[in-house]
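Chemist: Supplied in structure tokens, the structure appears directly below.
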Amino acid sequence: MTEIDWIARAGTRAKGKRPDFLGDPIAERMLSILLAVAGEVSVLKERLDTVERLLETNGTIRREDIEAYTPDADAAYARSVLTKEYVARILRGMQQDMESMQAAEKPLADISADLRDS
């Protein structure tokens with residue numbers, strides 16, 4: 001089995017231009033970092049779930065047990081729900097911003113000006 005150089009793999013760049021969702025390179029970089037950290041935390045949460053389940057079942061744990069663990073259907077479903085909730089919490093602000101852009105509501109400042117001028 002060939003050893004993978006994860007440091008070198010992490011430094012590789014995708015082909016083509018980076019997507020520009022926010023119009024600000026610094027904000028794009030921060031979003032990229034945030035999502036990478038969120039992904040790592042998600043992996044840690046799943047690994048912790050594995051440790052907890054193995055300890056609950058076996059009363060002891062070995063690294064090999066963690067690496068070999070495959071969740072059953074119930075555990076996989078529970079993990080998927082927890083992951084969806086986690087992602088929803090992280091992206092809640094962006095989701096609310098998108099929803100407010102889709103709504104045909106006047107900004108509060110405009111409503112205030114209308115009331116003042118009436």
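Chemist: L22 to S80: FRET efficiency via 1/(1 + (r/R0)^6), r the Cβ-Cβ distance, R0 41 Å, to the nearest 0.05?
Modeler: According to the calculation, E is roughly 0.90.
Chemist: Scan the chain and note any complete DSSP helix (H) whose C-alpha atoms cover at least 30 Å along its axis and whose Kyte-Doolittle average is -1.0 or more.
Modeler: 25-58
Chemist: Next up: With the cut-off at 1.5 for a/c, could you classify the chain from its C-alpha gyration tensor as rounded, prolate or oblate?
Modeler: Judged from the Cα gyration tensor, the chain comes out oblate (a/c at least 1.5, b/c at or above a/b).
Chemist: Also, I was wondering about something else. For region 62-71, in order, what is each residue's ³J(HN,Hα) by Karplus, 6.51 cos²θ - 1.76 cosθ + 1.60 with θ = phi - 60°, in whole Hz (x at glycine and Pro)?
Modeler: 3J(HN,Hα) across region 62-71, in whole Hz: 10, 4, 4, 5, 5, 5, 8, 5, 10, x.
Chemist: May I pose another question? Which value at 222 nm does the chain reach when only helices count, each DSSP H run of 4 or more adding -39,500 (n - 2.57), with the total divided by all residues and rounded to the nearest 500 deg cm²/dmol?
Modeler: Per the formula, -23000 deg cm²/dmol.
Chemist: Okay, moving on. Go through 12-19, 43-50, 64-71, 105-112 and give me the packing order, highest mean Cβ count within 10 Å leading.
Modeler: So the peptides 12-19, 43-50, 64-71, 105-112, ranked by packing, come out 43-50, 64-71, 105-112, 12-19.
Chemist: Another question about this same structure. How far is the Cα center of region 58-80 from the Cα center of region 91-118, in Å?
Modeler: Centre-to-centre (Cα) distance: 46 Å.
Taken together, the values in this text are just the output of simple stated rules run on the coordinates, not laboratory data. Owing to the predicted nature of the structure, the values given are computational and were not obtained by experimental measurement. Positions of Cβ are backbone-derived with ideal geometry, glycine not excepted, and every protein chain shown enters the neighbour counts.
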